[in-house]
Structure formats: C-alpha cells, structure tokens
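The values are calculated or read from the model by the stated rules, or taken from the named source; none is laboratory data. Since the structure is predicted, the reported quantities are computational estimates derived from the model, not experimental observations. Quick reminder, even Gly has a Cβ in these numbers, built from the backbone with ideal geometry, and neighbours come from all protein chains shown.
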Amino acid sequence: MIVMLLGVLSLLGCAGEPATSVPDPERPGSTATPLGAESIEPLLAALVADWTDPTAWAAHIDSTDDGFARRAEFLRGNFAQFELTMTPAGRTAPLSPARQEVLGPTAVVHAVRIDWAAPGQAPATHEIWFTVTRAEGRLRWAGTSDGPSSAPGPVPLWLRHPVDVEAGNGSTVIATRGVDPAPWLTALETARQHLVAHDLDPGPITVQLPGDPADFNAVLGIREGSHHAVAASTMPFGATAHIVINPRVGGSLAEKPRQVLLTHEAVHVVTGPLPASVPLWFSEGYADFVALADHPDVLAAHEKHLADDQRRHGVGTTLVSDRELSPDHPRIDAHYQRAWLTVRVLDRGDGTADRVHAAVRGGKSLEDALAVAGWSEQSLTVAVQDELARLVDEIP
Ligand SMILES: [Zn+2]
C-alpha cells in the first residue's frame, strides 16, 4: 500500500510545457554567413535516401569527431524506424573557435527542420542544428551538438541514443535501447479504452521513454532539475504532442500507477491544450478524473492523502489556483487531488464532467459550460468545500 501510494503521489505534477520546437525567429542564429551560403538540401536529401546503404551513408558523414561517427551509425539505424523529412530552416549559428579548429574552415552550423513520425503517427517537428563540412565539393554531416547552448530546444530521443520502436493499435512507444517498452505499450492500449469510455477519440498516441534524467531533460528541452518530481510530461512538438516519461519518477512506477499516469497524459494528448483562459484545475482535474475512474484503490489512496492534507492545513475555501499546480509547489500532490475532487464533484456521477469538457473543447468558456450544467464558480466552490470537509470527517 505504501509503495503504491508513493507511486501514485509521485505521478502528480504533470507540467505540460507551453513551449514548442517550432522554429522561432527570436532564437539565436544569423541568416547568412559567407560559409553558410550554399544550400544543404542535397546533403539532407541524401541522408534520408541512403540510410539503407551503409557505404553510401558513410560517404555523407564527416568522421573527424569520433563521437559523432558513432552517433551517425546509430542514427542510420534509427532513421529506418521512422518516416522523416529534413529541410533547411534557413539559419546558421557561429561555431566555437575550438570546434572550427577541429572541423576545419568549411564547417558551418545550419538549423534543420525535421518532421518525423513512427509509422501511423502524426508527424512531430524538431529543429536540430546540423554541423556541415565540405571537402572536394561534397557536403558531409559532422555533428549535432554545435548549436547555440543558450537555447538548446527539445530534441527527439532518437537523436541521442539507439532506440526501439514498439507499435500497437494506434499506440507507439519509442524507448531508449535497453528500456522495455512492452509494459508502456500495454498501458497505452488500456488508456485508449478509458478514453473511449469518456467519449474521447483516442487517435494516434506516441510515448517517448528516455533511459535517464539527462535524456528526459533533453527531450523536453528543459534545464536540469526543473521537472525532477514530475513523472511525465505531455509536450507539443510542432503540430503533435508526445508523452515523455521521466525515468527517475515515472520509470519506476508499479502497474496501477503507471496506468493512471499514462491515461492522464493520454487525455492531454487527445484533447490538446485547452484555451489559456481555462484554469489548470479543470484540465488537470479532468485528466485525473478519467485516469482514476477504473482504479478505486488508487482513488481511495488519493482521498486519504487529501484528507490528511486538509486536516493539517485547513479545508480549502477556493478553487485550486494555477500557481498551486506549478511543479515546484510543496503541496502539489494534494492540489492535484483537490483539482480531481473538484471535477468529481461537478460531475455528479452522471457524465457532466465529460459534457463540460467537450463544451470547453468546442470553444465555450468554462464559466458558460458550467452554467449549462447548473454550476457557478461560487456554488462549485461551496460544494467542493463541503466534500473536503466530509473527507476530513470520514477518513481517519
Ligand atoms: Zn496533466
């Protein structure tokens, strides 16, 4: 029970990131340097075309840097598992003097837009800095680590390690080699059934499974430590969002909490981000509402933790604020549980929550959608307060 409870609590703190990897004109990089004038399109086309042919591929790689030569070899294997296109983003970045010394005067760092997907999934978009050199009139790929370090941006897991792709019916798990994707694929398939039960169309869903915290940070493009307590994050990469599991927290979950986590994140993927005017308690509370529906024992653990929290800190008298749901808030677990409880109260057990969520996705304000369901912010606040008081009274 303790282990499961800890698992459940640690998954709270979902922390979707508003940032995307779509090219941003404000990011560092200049539009033209003398060495960057030539087009890198032929090299990009050749890389996409020649991954099946080791000899042809090797001719496109500048092996001056041992580390990149090894990376290029596993990238060839990774490319085989995805459909991808690469196009120049039209910007270059300065190369450090030390790297220029190593790679020679022709080396230039180009921004490249990569649209990629596992088969059957919607394309994700990343912008990756390609170091390119030229010898005997021929361009070669020489690195991926020379971009501006001030704004690293998210990178796909497959750029950092060999990966294995496991696919089911609309579900794909991309795992660092050595991390078992099977339990996640199973949980993702089950999550789809939970979504259908709430009239949500599951559609294609991709999960990225990093092998260590550094990979988790790199895939999200976040600084070290900012999401250390977060079990998973649903992050938009261009027009599609992926679920990214934090191996330090989410990676060690037992079966039930893992299921709750994945269903919660899958709700975010298929509903997309709600308008910025919608408070977080509604989107996060609803995702947990769907995720916990078929897990009465996990739900009971939530109630107990929430009752303890309210007993210690006093029963909440307002709806949960966005600030209370930020990843670094010390009581984030209890605040997520209070958000979930709020949605359970407004649902009344008759499907109201699903209808309100659908109305908000359809463009209605939350206030109007709640009004249709017979709720005002004030009446909901009072009803939640009553329910919290009941939990404090009834749960020892
Ligand atoms: Zn969430």
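Which residues, counting only those in the stretch 50-69, are of a type in the set (A, V, I, L, M) and either surrounded by 14 or more Cβ atoms within 10 Å (Cβ to Cβ) or assigned to a helix (DSSP H, G or I) (or both)?
Residues satisfying the conditions are Ala56, Ala58, Ile61, Ala69.
Any idea which of (1) farther than 26 Å from Ile61 by Cβ; (2) surrounded by fewer than 19 Cβ atoms within 10 Å (Cβ to Cβ) is the one Pro162 doesn't satisfy?
Exception for Pro162: condition (1).
How do the pairs read when you match residues in the stretch 45-67 that are within 16 Å of Phe79 (Cα to Cα) with residues anywhere that are polar (S, T, N, Q) and in a helix (DSSP H, G or I), using Cβ under 9 Å and keeping only pairs 6 or more apart or on different chains?
Pairs found: Trp51/Asn78.
Is at least one residue of the stretch 20-40 more than 16 Å from the ligand (Cβ to nearest atom), aliphatic (A, V, I, L, M) and modelled with pLDDT of 90 or more?
yes
Which of the helices (runs of 4 or more DSSP H) contained wholly in the stretch 224-337 include at least 2 residues that are within 14 Å of the ligand (Cβ to nearest atom) and of a type outside the set (Val, Ile, Thr)?
Those helices (runs of 4 or more DSSP H) span 255-271, 280-292.
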